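The values are calculated or read from the model by the stated rules, or taken from the named source; none is laboratory data. As the structure is a computational prediction, the values presented were derived from the model and not from experiment. Cβ atoms come from the backbone with ideal geometry, glycine included; neighbour counts cover every protein chain shown.
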Amino acid sequence: MISRWSRAQLSDGGWVRRMFMEGLRLRAEHGDDAVVDLSLGQPLEADEPIAEAFRAAAGDRFHGRFGYMPNLGYMEVRERAALDVGFPGVDASCVAMTSGAAAAITVAIRTFVDPGDEVVGIAPFFPEFRLYCETASARFVPIPTQADLRLDLGAISAALSPRTAAVLLNSPCNPSGHVLDEDELRGLAGMLQRHSERHGRRVLLIVDEVYRRMAYAPHRRLDPLNFYEHSVLARSFSKDLGIAGERIGYLVLHPSLALPETHLGLAQAMRALGFVNAPATAQRALLHLQSWDINLQPYQERRDVAFDAARAAGLDAAEPQGGIYLWFRSPWDDTLAFIDELAKRRVLLTPGVAFGDPSRVRLCFSAPRAKLAAAFDAVTELTGDAVSA
Ligand SMILES: Cc1ncc(COP(=O)(O)O)c(C=O)c1O
């Protein structure tokens with residue numbers, strides 16, 4: 001009954017959602033407290049000022065409040081977002097409000113990438129990147145990082161072709177936790193510049209910045225707009241404000257790209273993809289928030305707890321430089337068997353195959369401490385088994 005494409009998704013991917021559904025099933029059977037679900041990138045619970053901003057936004061009244069609006073969103077919200085970007089020359093014309101970062105990336109792809117084009121990504125990658133490209137009939141070409149999770153510039157250079165329309169990065173990275181540094185951004189920008197000149201076609205750099213406010217010192221976010229003109233940024237409030245279900249984010253265009261033709265392209269993409277415009281109440285809630293800053297401390301604490309526990313368990317894990325995930329080598333050769341054994345103990349993690357590296361496992365650490373402790377108890381039990389086996 002369902003399409004061949006949908007069926008292929010069921011068998012090929014969807015690991016994150018699959019684990020999420022398993023979590024729901026286990027919770028229904030055993031109760032919330034008995035299940036440790038660290039498989040989905042669920043942010044911490046939104047705090048009261050955010051709930052209050054949504055209440056205030058729901059009460060906003062003016063002519064057309066509940067009607068259609070310009071596809072790119074309310075002008076005053078775009079202006080506020082432009083201020084938040086804080087890059088010289090970025091104003092409301094450089095911002096399009098979107099249904100989360102997901103929509104920001106998909107509308108950018110539709111606007112700048114043609115069917116048959118290639119989009120170079122980095123492995124490990126957020127699994128949806130492949131879907132976003134495939135549904136635009138573009139080819140996603142993931143290039144593995146170096147062992148230290150930094151960009152492999154030589155391999156990226158070798159992957160660029162006359163068909164390359166875009167490079168899609170994510171920093172801080174889900175799942176690896178890597179934050180791009182200056183050498184990586186500078187090196188990549190120079191390479192894209194040279195490639196663009198050689199082929200007479202500008203390669204677009206799309207940077208997914210969903211976790212931009214979640215970089216842990218001494219690591220810090222660097223602005224890709226400073227390095228390469230032909231760049232766009234995909235941002236959202238899903239994670240840092242804890243409002244993933246409200247579907248609100250935005251796309252930032254480098255000022256050199258903020259042309260009437262781009263605006264028309266973006267609006268057309270929003271209509272074609274069926275988002276039409278970002279949800280009105282969520283847009284307005286942003287206006288009711290005095291600040292978009294966040295308190296990183298609860299995340300940083302959990303990052304530390306998770307990384308310390310991983311080391312104590314003898315796991316081969318990279319210290320997360322940003323984001324909300326711990327990325328570690330499976331202590332068992334058979335990663336899926338390891339994931340299954342954990343699931344029998346009602347601990348859900350996501351196998352690295354979902355992100356393009358079957359040897360690894362992803363754990364989301366934005367969870368209550370007790371759940372993190374329970375997860376590492378189960379992991380230690382299994383790694384102990386492996387040692388004694
Ligand atoms: C790297 C990355 N990009 C995009 C998204 C989607 O974000 P949004 O909820 O804003 O669409 C996620 C969500 O987990 C993510 O991890």
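Out of the range 326-339, which residues are under 17 Å from residue 18 (Cβ atoms) and crowded, with 22+ Cβ neighbours inside 10 Å?
Within the range 326-339, just 339 meets the criteria.
Of the conditions (1) within 16 Å of the ligand (Cβ to nearest atom); (2) assigned to a helix (DSSP H, G or I); (3) more than 21 Å from residue 96 (Cα to Cα), residue 269 satisfies every one except a single condition; which number is it?
(3)
Answer with yes or no whether residue 27 is at pLDDT below 95, part of a helix (DSSP H, G or I), more than 16 Å from the ligand (Cβ to nearest atom) and not aliphatic (A, V, I, L, M).
Working: at pLDDT below 95: yes; part of a helix (DSSP H, G or I): yes; more than 16 Å from the ligand (Cβ to nearest atom): yes; not aliphatic (A, V, I, L, M): yes.
Answer is yes for this residue.
Would you mention how many residues in the range 30-39 are within 15 Å of the ligand (Cβ to nearest atom) and among the hydrophobic types (A, V, I, L, M, F, W, C)?
The total comes to 1.
Could you tell me whether residue 377 is of a type in the set (D, E, K, R), in a loop (DSSP other than H, G, I, E, B) and over 20 Å from residue 42 (Cα atoms)?
So residue 377 fails the test.
Against the condition over 22 Å from residue 352 (Cβ atoms), part of a loop (DSSP other than H, G, I, E, B) and more than 14 Å from the ligand (Cβ to nearest atom), how does residue 7 come out, does it pass? Spell out how you get there, then give the answer.
On the way: over 22 Å from residue 352 (Cβ atoms): yes; part of a loop (DSSP other than H, G, I, E, B): no; more than 14 Å from the ligand (Cβ to nearest atom): yes.
Taking the combined requirement at face value, the residue does not satisfy it.
Kindly list, by first and then second residue, each pair from a residue in the range 126-138 that is without any contact (Cβ under 8 Å) to a residue 40 or more places away in the chain to a residue that is hydrophobic (A, V, I, L, M, F, W, C) and within 9 Å of the ligand (Cβ to nearest atom), limited to pairs with Cβ atoms under 7 Å and residues at least 6 apart or on different chains.
128/102; 132/105
For the structure I just gave you, tell me whether residue 204 is under 18 Å from residue 149 (Cβ atoms), of a type in the set (A, V, I, L, M, F, W, C) and in contact (Cβ under 8 Å) with a residue 40 or more places away in the chain.
So residue 204 does not fit the description; no.
Would you point out the residue of the range 179-204, among those that are touching a His at 6+ places or on another chain (Cβ under 6 Å) and not β-branched (Val, Ile, Thr), that is farthest from residue 132 (Cα to Cα)?
Result: 202.
Going through the range 193-221 one residue at a time, which ones are in contact with a helix residue (DSSP H, G or I) (Cβ under 6 Å, 6 or more places away or on another chain) and more than 16 Å from the ligand (Cβ to nearest atom)?
Once the filter is applied, which keeps residues that are in contact with a helix residue (DSSP H, G or I) (Cβ under 6 Å, 6 or more places away or on another chain) and more than 16 Å from the ligand (Cβ to nearest atom), the range 193-221 yields 202, 203, 204, 216.
Could you list all residues from the range 340-389 that are in contact with a Leu (Cβ under 6 Å, 6 or more places away or on another chain) and either exposed (fewer than 15 other Cβ atoms within 10 Å of the Cβ) or free of Cβ contacts under 8 Å to residues at least 40 places away in the same chain (or both)?
361
Looking at residue 176, is it touching a residue at least 12 places away in the same chain (Cβ under 8 Å) and either β-branched (Val, Ile, Thr) or away from the ligand (no atom under 16 Å from the Cβ) (or both)? Give the steps one after another, and end with the answer.
Values: touching a residue at least 12 places away in the same chain (Cβ under 8 Å): yes; either β-branched (Val, Ile, Thr) or away from the ligand (no atom under 16 Å from the Cβ) (or both): no.
It is false that residue 176 is touching a residue at least 12 places away in the same chain (Cβ under 8 Å) and either β-branched (Val, Ile, Thr) or away from the ligand (no atom under 16 Å from the Cβ) (or both).
Which one is farthest from the ligand (Cβ to nearest atom), of the residues in the range 150-173 that are among the polar types (S, T, N, Q) and in contact (Cβ under 8 Å) with a residue 40 or more places away in the chain?
Only one residue tops the list, namely 161.
Can you pull out every residue in the range 244-265 that is closer than 17 Å to residue 101 by Cα and more than 16 Å from the ligand (Cβ to nearest atom)?
Those that are closer than 17 Å to residue 101 by Cα and more than 16 Å from the ligand (Cβ to nearest atom): 253, 254.
From 234, 278, 282, grab the single residue that is part of a strand (DSSP E or B), within 14 Å of the ligand (Cβ to nearest atom) and under 27 Å from residue 57 (Cα atoms).
From the options 234, 278, 282, the qualifying one is 234.
Given the conditions (1) in contact (Cβ under 8 Å) with a residue 40 or more places away in the chain; (2) polar (S, T, N, Q); (3) assigned to a helix (DSSP H, G or I), which single one is not true for residue 193?
That leaves (1) as the condition not met.
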